[in-house]
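What follows is a set of notes on a single structure, which appears directly below.
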Amino acid sequence: MGNQDRKNHWEKIYQTKDLKDVSWYQPTPTTSLEFVKQFDLPLNAKIIDVGGGDSLFVDHLLELGFTDVTVLDISEVALEKAKQRLGNNAHKVKWIMADAANFKPTEQYDFWHDRAAFHFLTNEQDINNYINTIQHFIKPNAILVVGTFSEQAPKKCSGIEIKQYSETSMTNRLQNFFEKIKCISVDHVTPFNTIQNFIFCSFRRIANPI
């Protein structure tokens, strides 16, 4: 799927479905928040949520007191919905409408979070572009957390193909610039009472890669 087709797909999804009617809906993103807690980030840490869209992760980050949060999504509609939900708190967040495959950051981050955006990149060039962006725009020793469908999960989500990952394949993709901290398997129960098995991995950016 090309960049424009991908954007059109997600704009249509967010135009036609409410937040509670999408498979990735989580009232409390427990796994992501546990990673935040594990790394004991300072409240002024630069955090980016890639593919955050209309998810509630940003709401929880603000409630915890984080002051430098960026949400990126390919869908303008998703970002507008999130802004409306947050109301006066929306101005506390940096909003970026961009495709993760060709996103050009303007700052470096302390904590890069991606739940279920990476696995929608199935073209090898898109995958490489995204990884190159991460490694250049995450600070030395900073943390990357990525959650994707596992090899036991569906091969499609929201009507389009995804790329499944295992702990090994995820680690191999990132090993030149990132040191794996841990990977966990998580069963996400959708609003339709189906199970999606995720692999969540955390990595530390190697300060001086060989």
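All of the numbers you see were taken from the coordinates with simple rules; none came from a lab. Just so you know, these numbers come straight off a predicted model, no measurement behind them. Here the Cβ positions follow ideal geometry from the backbone for every residue, glycine too, while neighbour counts run over all protein chains shown.
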Q.
Out of all DSSP beta bridges in the chain, what portion is antiparallel? Express it as a percent rounded to 5.
A. 50 percent
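For Lys182, Lys163, Lys92, what ranking results if the residue with the fewest other Cβ atoms within 10 Å of its Cβ goes first?
Fewest to most other Cβ atoms nearby, the residues stand as Lys182, Lys92, Lys163.
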Q. Given R₀ = 25 Å, FRET efficiency for Asn193-Gln152 by Cβ-Cβ distance, to 0.05?
A. 0.90
Q) Cysteines of the chain lacking any other cysteine beta carbon under 4.7 Å? A) Cys157
Q) Using 1/(1 + (r/R0)^6) with R0 = 35 angstrom and r between the beta carbons of Lys83 and Ile181, what's the FRET efficiency to the nearest 0.05? A) 0.60
Q) Which label belongs to the value computed from this structure, given these candidates for mean projected area of the Cα convex hull in nm²: [x] 10.7; [y] 11.5; [z] 13.0? A) [x]
Q) If you average 1/r over all unlike Cα pairs in the range 151-203 and invert the result, what Kirkwood radius do you get in angstrom? A) 12.2 Å
**Q.** Relative contact order (percent, whole number), the chain, Cα cutoff 8 Å, 6+ residue spacing
**A.** 18 percent
(Q) Can you show me the helix-derived [θ] at 222 nm for the chain, built from DSSP H runs with n ≥ 4 at -39,500 (n - 2.57) apiece and divided by the number of residues, rounded to the nearest 500. (A) -9000 deg cm²/dmol
Q) Which links in Lys94/Lys155; Lys81/Lys156; Lys92/Lys163; Lys83/Lys182 stretch past 29 Å when you go from one Cα to the other? A) Lys94/Lys155; Lys92/Lys163; Lys83/Lys182
